[in-house]
1. Would you point out which residue out of I138, I128, I119 is at pLDDT 95 or above and surrounded by 16 or more Cβ atoms within 10 Å (Cβ to Cβ)?
2. What residue, of I73, I64, is part of a strand (DSSP E or B) and either touching a Lys or Arg at 6+ places or on another chain (Cβ under 6 Å) or under 26 Å from K32 (Cβ atoms) (or both)?
3. Just one of (1) more than 15 Å from the chain's Cα centre (by Cα); (2) closer than 22 Å to N101 by Cα trips up P81, so point out which.
4. When both residues are 6+ apart or on different chains and their Cβ atoms are under 7 Å apart, which pairs have a first residue that lies in region 60-78 and is at pLDDT below 95, and a second that is part of a helix (DSSP H, G or I) and basic (K, R)?
5. Which one of these is touching a helix residue (DSSP H, G or I) at 6+ places or on another chain (Cβ under 6 Å), in a helix (DSSP H, G or I) and either modelled with pLDDT of 50 or more or of a type in the set (S, T, Y) (or both): H45, H53?
6. Does region 83-94 hold any residues that are assigned to a loop (DSSP other than H, G, I, E, B) and either touching an Asp or Glu at 6+ places or on another chain (Cβ under 7 Å) or surrounded by fewer than 16 Cβ atoms within 10 Å (Cβ to Cβ) (or both), and which are they?
7. Please indicate, with yes or no, whether at least one residue in region 96-109 is within 13 Å of the chain's Cα centre (by Cα) and either buried (at least 19 other Cβ atoms within 10 Å of the Cβ) or among the polar types (S, T, N, Q) (or both).
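The values are calculated or read from the model by the stated rules, or taken from the named source; none is laboratory data. Note that the coordinates shown come from a computational prediction; the quantities given were computed from them, not determined experimentally. A quick note on method: Cβ atoms are made from the backbone with ideal geometry, for glycine too, and the neighbour counts reach across all protein chains shown.
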Amino acid sequence: MNIFNKAFLIVALVIFSATLTNAQTKNKELQKVVIQLSSNDTLVHRSLIKQLHNIQKAFKKVTIEVVTHGPGIEFLSKQSPFRNSIEVLNRSGIAFLVCQNTLNEKKVSPQELLPLIKIIPSGLAHVITRQSEGWSYIKAGF
């Protein structure tokens, strides 16, 4: 093995080690995730619940907000087939937010939604703000 190959191997090992260390450090830092839900598809809702559990398992410290707007607010209705799962996730620290603009447009009363929800003025504006604050963004769906 010539000197160039040895040097390349050393550099590659240093980069790999730094990347691994960075990934391990990230898992110890607080992660902040905002998830946008604008679908009333129950398959998307089922997938979202699974993804929320997976995120919580992957990170020791994580703050998660699910921002619903448009047809996505059906996920948080009192008649939601996912009510129990949503309540469990909320008790584990996940915040579920609903867009006031959507409530106004669809003429939906907050009393028609789960009591654990938080109403925000604009779902999209909230997502944009979170992204500018450095939160990771995920669009729920396929």
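1. Working: I128 fails: surrounded by 16 or more Cβ atoms within 10 Å (Cβ to Cβ); I119 fails: surrounded by 16 or more Cβ atoms within 10 Å (Cβ to Cβ).
Step by step, each of I138, I128, I119 is checked, and only I138 is at pLDDT 95 or above and surrounded by 16 or more Cβ atoms within 10 Å (Cβ to Cβ).
2. Numbers: I73 fails: part of a strand (DSSP E or B).
Step by step, each of I73, I64 is checked, and only I64 is part of a strand (DSSP E or B) and either touching a Lys or Arg at 6+ places or on another chain (Cβ under 6 Å) or under 26 Å from K32 (Cβ atoms) (or both).
3. Condition not satisfied by P81: (2).
4. From region 60-78, the pairs are K60/K28.
5. Working: H53 fails: touching a helix residue (DSSP H, G or I) at 6+ places or on another chain (Cβ under 6 Å).
One residue alone meets the criteria, H45.
6. To start, the set of residues in region 83-94 that are assigned to a loop (DSSP other than H, G, I, E, B) comprises 92-94.
Residues satisfying the conditions are S92, G93.
7. Initially, region 96-109 is screened for residues within 13 Å of the chain's Cα centre (by Cα), giving 96-97.
Of the ones still in play, those that are also either buried (at least 19 other Cβ atoms within 10 Å of the Cβ) or among the polar types (S, T, N, Q) (or both) are 96-97.
Yes; the residues of region 96-109 include at least one that is within 13 Å of the chain's Cα centre (by Cα) and either buried (at least 19 other Cβ atoms within 10 Å of the Cβ) or among the polar types (S, T, N, Q) (or both).
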